[in-house]
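Below is one structure, written out as structure tokens; comments come after it.
The values are calculated or read from the model by the stated rules, or taken from the named source; none is laboratory data. As the structure is a prediction and not an experimental result, all values here were calculated from the model. Neighbour counts run over all protein chains shown; Cβ positions are idealised from the backbone, glycine included. What goes into the accessible areas is simple: the full protein's heavy atoms, side chains included, and nothing from ligands, DNA or RNA. Shrake-Rupley method; radii C 1.70, N 1.55, O 1.52, S 1.80 Å.
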Amino acid sequence: MVRKKRVVLTFPHSLVDKPITYHLVKDYGLVFNILKARVTPREEGRLVLEIEGERKNLNKGIKFLKDLGIRIEPLAQDIRWIEARCTHCGACIAICPTQAFTVDPKTRKVSFDKKKCIVCELCIKACPYRAMEIKF
Amino acid sequence: MAKTIKKINEKIKRGKAVVVTAEEIIDLVKKRGMKRCAREVDVVTTATFGPMCSSGVFINFGHTKPKIKVGGGKVYLNDVPAYGGLAAVDLYLGASALPDDDPRNRVYPGEFRYGGGHVIEELVAGKDIRLKASGYGTDCYPKKELETKINIRDLDKAILYNPRNVYQNYNVAVNLSDRVIYTYMGVLQPRLGNANYCSAGQLSPLFNDPYYETIGIGTRIFLGGGIGYVAFSGTQHNPRVKRTSKGIPRSPAGTLALIGNLKKMSPKWLRGTSFTGYGATLTVGIGIPIPILNERILRFTAVEDSQIYAPVIDYSKAYPLGKETIIKEVSYAQLRSGSIRIRGKEVPTSSLSSYAKAREIANILKDWIRRKKFLLTEPVAPLP
């Protein structure tokens, strides 16, 4: 069974210069898409990945990463919609590349679908009420 | 029998007035017809909730012992500079004022997380605000420095006075250049990446009274959650623009200057607002009732998004250079559909003013009138 996961990897500085994602492809046959990357030399690296593969391989690949000392968190924890601050104006709608925000045609209220979010952060700059928060 | 504002008010006091929102009237007219609705409906409520930079508050913070004269000196609220060039302890804080040490756009694009609009939101919310003032000292006002906390409940007066609100129509902003631009119309992606608009359309006050036949100087309104009044025509008020056959302006036209007691307002309807790369401002909630005095006035309130058009303007070049050529006109119905077609490209649209909140305000005002808490007013003088 093929599964897909979106995860945030945090690399300790000792691993920043190692070709780790390469092993995910070569040894575990996983397909990945880098959604976002931030590497600070001599400090740490953070990578947002969408990984896809056979369930068995996916679990093995993740174990491989964990054994190396990489911290793995699900992506959804990283972006937060503070509904109390949201005015439902819709400034986020057109800027989002994955249509994670939608306006209900009846209520005209905005909703945010975390599953569609790729943490590109465009909405953070676009929201005039600072209703989108990032923890990355 | 012709209706008058006086007669409508009598009906409101008896709890008999028929009040609907500018959204509800559209279907009602379709169902019952213009004539019957003109007879039966007494008031149509309109509203808007959007960022309006020409907003601010007058504050009188009371005399200190010994006394200080801020006029000619300097005054700050939570480090945001206010204007003190008035009498001893009067000041005006504008929505877009920024702390002196805010980096602004030196680190581009600036965040503008805290400015005058945010101070106003916190003040209305009942939070303590740090006031720092300096004066030059006179024989009758010897004190030169003041650092204290003020709270809205202790203030002698706090008055919201906005020189320009409720724009009748507004531009649709796009970016024809090759780089991202940060504007007061939001973040605009290059090469027609998105289109931003800012109006409540069919719910917006001045679209429902396009020739200002009922809204005038002195009109009582919902302002920031409290009661306010139309003080005057707003700055840049310009009724002489091209209009549709139904009288709707095709570009930014009329504006209103508004005034009201800040002490009775709510942070829910006065929101500090930050536009990345542009600045801080205040989002203001406004609701204006329209008395249905005759069929002509009713006809105007039945306007719908598909009949209201806004000009699409390039904010990368045409707008900053002051050469606003109109790329295209689009209706608010098209804008609300989620995308518009410009130069062969399907461009996603975003609104900066909240239609959901405008609807909420129109319903609150409707409720106030139904519960006899709000009476209509005759304008003291018409708008130009």
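One table, with the values for the structure above:
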| read-out | value |
| --- | --- |
| If the convex hull is drawn through the Cα atoms of the stretch B:56-160, its volume per residue in Å³ | 91 Å³ |
| Calculated from backbone phi, Karplus (6.51, -1.76, 1.60) coupling profile of the stretch B:203-217 in Hz, x at Gly/Pro | 9, 5, x, 7, 6, 8, 9, x, 9, 6, 8, 10, 8, x, 5 |
| Inter-chain Cβ neighbour average for residues B:184-196, partner chain, 10 Å | 4 |
| Estimated inter-spin distance, B:Thr325 and B:Ile227, nm [label 7 Å along Cα→Cβ] | 5.2 nm |
| Convex hull volume per residue in cubic angstrom - Cα atoms of chain B | 146 Å³ |
| Shape box of the stretch A:2-77 [Cα atoms, principal axes, largest first, Å] | 36, 25, 17 |
| Helix-derived mean residue ellipticity, 222 nm - over chain B, DSSP H n ≥ 4, -39500 (n - 2.57), to 500 | -4500 deg cm²/dmol |
| Dipole in debye (nearest 20) - the stretch A:53-99, about Cα centre, beta carbon charges: Lys, Arg +1; Asp, Glu -1 | 240 debye |
| For the stretch B:195-348, diffusion coefficient by Stokes-Einstein and Kirkwood Rh (Cα), 10 °C, 1.306 mPa s, µm²/s | 92 µm²/s |
| Exposure of B:Tyr319 as accessible area (Å², to 10), given a probe of 1.4 Å and all protein chains | 80 Å² |
| Gaussian network model of chain B, springs between alpha carbon atoms under 10 Å - residue of B:Leu98, B:Leu223, B:Leu321 with greatest fluctuation | B:Leu321 |
| Residues of the stretch A:98-125 buried by at least 40 Å² on assembly (accessible area, 1.4 Å probe, chain alone as reference) | A:Arg108, A:Lys125 |
| In degrees, nearest ten, helix A:55-67 long axis to first principal axis of chain A (Cα) | 80 degrees |
| Neighbourhood net charge (12 Å Cβ-Cβ; Lys/Arg +1, Asp/Glu -1) for B:Leu335 | +1 |
| Counting all C-alpha pairs of the stretch A:82-134, share separated by more than 18 Å (%) | 19 percent |
| Partner lysines for B:Lys3 [C-alpha distance under 16 Å; skip if fewer than 8 residues away on the same chain] | B:Lys11, B:Lys13, B:Lys16, B:Lys35 |
| Volume of the Cα convex hull of the protein assembly as shown, divided per residue and given in Å³ | 195 Å³ |
| Between A and B, accessible area buried - total, square angstrom, nearest 100, 1.4 angstrom probe | 2000 Å² |
| Over 27 Å between alpha carbons, listed pairs B:Lys144/B:Lys264; A:Lys135/B:Lys317; A:Lys5/A:Lys26; A:Lys125/B:Lys345; A:Lys106/B:Lys366 | B:Lys144/B:Lys264; A:Lys135/B:Lys317 |
| C-alpha center-to-center spacing [the stretch A:97-136, the stretch A:6-23] in angstrom | 28 Å |
| Where the Cα pairs of the stretch B:217-262 fall when distances are cut into 5 Å bins, in % | 5, 22, 20, 17, 16, 13, 5, 1 |
| Nearest-0.05 FRET efficiency for A:Asn59 and B:Arg370, computed from C-beta distance (R0 45 Å) | 0.15 |
| Where no second cysteine Cβ lies under 4.7 Å, the cysteines concerned in chain A | A:Cys86, A:Cys89, A:Cys96, A:Cys117, A:Cys120, A:Cys127 |
| Trypsin sites (Lys or Arg not before Pro) restricted to DSSP loop in the stretch A:71-136 with at most 13 other C-beta within 10 Å | A:Arg85, A:Lys106, A:Lys135 |
| For the stretch B:113-128 versus the stretch B:203-247, the gap between their alpha-carbon centres in whole angstrom | 27 Å |
| Charge dipole of chain B about the Cα centre (unit charges at C-beta), most positive-ward option of B:Phe232, B:Leu98, B:Phe207 | B:Phe207 |
| Computed label-point distance, nm, for sites B:Lys6 and B:Lys127 using a 7 Å Cα→Cβ extension | 4.9 nm |
| Too-long pairs where the Cα-Cα distance tops 22 Å, listed order kept, from A:Lys18/A:Lys116; B:Lys127/B:Lys268; B:Lys246/B:Lys372; A:Lys4/A:Lys116 | A:Lys18/A:Lys116; B:Lys246/B:Lys372 |
| Computed label-point distance, nm, for sites B:Glu40 and A:Thr107 using a 7 Å Cα→Cβ extension | 3.0 nm |
| Per-residue HN-Hα couplings for the stretch A:24-41 [Karplus 6.51, -1.76, 1.60; θ = phi - 60°; Hz; x = Gly/Pro] | 4, 6, 5, 8, 10, x, 8, 9, 10, 10, 7, 8, 6, 9, 9, 10, 10, x |
| Student exercise, chain A dipole from Lys, Arg, Asp, Glu Cβ charges, in Debye to nearest 20 | 300 debye |
| Span-rule helices in chain B, defined as complete DSSP H runs reaching 24 Å or more along the axis (Cα) with Kyte mean at least 0.0 | none |
